[in-house]
Each structure stands twice: as structure tokens, then as C-alpha cells.
Amino acid sequence: PGYHTLRFGGHEVTLAVAPPRCFTVGDIAPGERLWGLAVQIYSLRRPGDLGIGDTTAVAMLARSAAEYGADALALSPAHSLFPDDLSRFGPYSPSSRLFRNPLLIDADSEEADSELPLIDWPSASANKYALFRRRYEDFLKAPSPAFEAFVREHGESLAGHARFEGRNGDHHFYAFLQWLADRA
């Protein structure tokens, strides 16, 4: 299974080969009854998240669900969105499926959270990106070799993504956000 390139007589064709059937829970645990939860990450609100659920809330839910015997946790897509267009926040229409959504990084903020029952995406996103911008400015005072290694490891795909996301700003900042998201 996978993608393969066939070359024949000066022609090149990409061939996608799929297995005869999908991988199932029965392949992992034949005959067992397993259960789990499905959740939208952004809905897992908690103090300090600046109005959008985050990876810390996912970890808290996973620990709690495991205490009740849950075997799985299905999460909404966590792909990168469009930081320059805060009206585009749907997880099923990402800017990239290769990189993560920085809004799901734990803000670990002391700032007041929104008490609104629904997420105010433009406002919450702007607040979270402003916080991350301040962290980035602090980071620039003492850069990390781990960040530089991350940038080298992800090469041109990260550089291209950062250029796309940061077309109106600092590309390095968007690479920094991906580094933070990778560590979350």
C-alpha cells in the first residue's frame, strides 16, 4: 500500500495502492468490546485557555476517560488554519494538513477568560495570537537550539508553510508557532 511512481516509455504515472480493507478495532482487539469518546478539541474549555480548548484540556480529558475505562479518544482535526484570516476557523477546511493549529497550544494564561457559552473565534484567536507574539518576542532574546533543529528537520515544507501563513508578517514567527504546537 502507498503511492508509487511508474515510469514506462517516457511516461510517468502516480499509482495509489490501497489495502483490500480498512484497519479496524477488531484488528487490534479481536472479540473485545472497546469504547471511547469523540470530542472537538476547541470545545474543551478550561481556565487559562483564552476561550479556546487546548492540548492540556485534551490530556485532562484523556486521563479522566481512562479512569473510567475508556479505550480511545477521537479528536477533531488539529490542522493549521489561517492566522491572517480569523474568520476561517473551521477545522475541516485547514490551510495545511501537514502542520498543526497553533490556537490549540496551551496558552497557560493568567489573562481573564471569556465567560461566553460559545467560542468568540475572532476575539479568542486574536487574544491567543497576541499572547504567542509576546512569547515569540521573549524567545528571540534567547533562541533555542531545539527550535533551530526543528526548523532544519522540517526543511522546505515548514519554510513554505511559514511563508504562506506569514504572508503579511514574520515567517519565522509562524515556524515558532509550529515548534510550540509540536511540543504541546
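Expressed as a whole percent, the accessible area of segment 26-104 that falls on carbon and sulfur atoms is 56 (1.4 Å probe). Peptide packing for 98-108, 12-22 was compared via the average number of neighbouring C-beta atoms within 10 Å per residue; ordered from the highest value, the list is 98-108, 12-22.
Projecting the Cα positions of His79, Ala149, Phe23 onto the charge dipole of the chain (unit charges on Cβ atoms of Lys, Arg, Asp and Glu, taken about the Cα centre) puts Phe23 furthest along the positive direction. Per residue, the average separation of C-alpha pairs within less than 8 Å and at least 6 apart gives segment 55-184 a relative contact order of 26 percent.
Rolling a 1.4 angstrom probe over the protein heavy atoms with all chains in place gives segment 52-184 an accessible area of 55 Å² per residue. Counted residue by residue at 0.36 nm each, then reduced by the alpha carbon distance between them, the extension gain from Asp27 to Arg97 reaches 22.5 nm. Here the contact order of segment 11-58, divided by its residue count and restricted to Cα pairs under 8 Å and six or more residues apart, works out to 22 percent. Stretched out straight at 0.36 nm per residue, the stretch from Ser43 to Ala149 would grow longer than its current Cα-Cα span by 34.9 nm. In the chain, the DSSP-assigned H stretches of four residues or longer account for a calculated mean residue ellipticity at 222 nm of -12500 deg cm²/dmol, using -39500 (n - 2.57) per stretch and the full residue count as denominator. For segment 122-128, putting each phi into the Karplus relation 6.51 cos²θ - 1.76 cosθ + 1.60 with θ = phi - 60° gives couplings of x, 5, 5, 5, 4, 5, 5 Hz, in residue order, rounded to whole numbers and with x for Gly and Pro.
The values are calculated or read from the model by the stated rules, or taken from the named source; none is laboratory data. All values derive from a computational prediction rather than experimental measurement. All Cβ positions, even for glycine, are placed from backbone atoms using ideal geometry, and neighbour counts span all protein chains on display. Just so you know, the surface numbers come from the protein's heavy atoms only, side chains and all, with ligands and any DNA or RNA stripped out. Shrake-Rupley method; radii C 1.70, N 1.55, O 1.52, S 1.80 Å.
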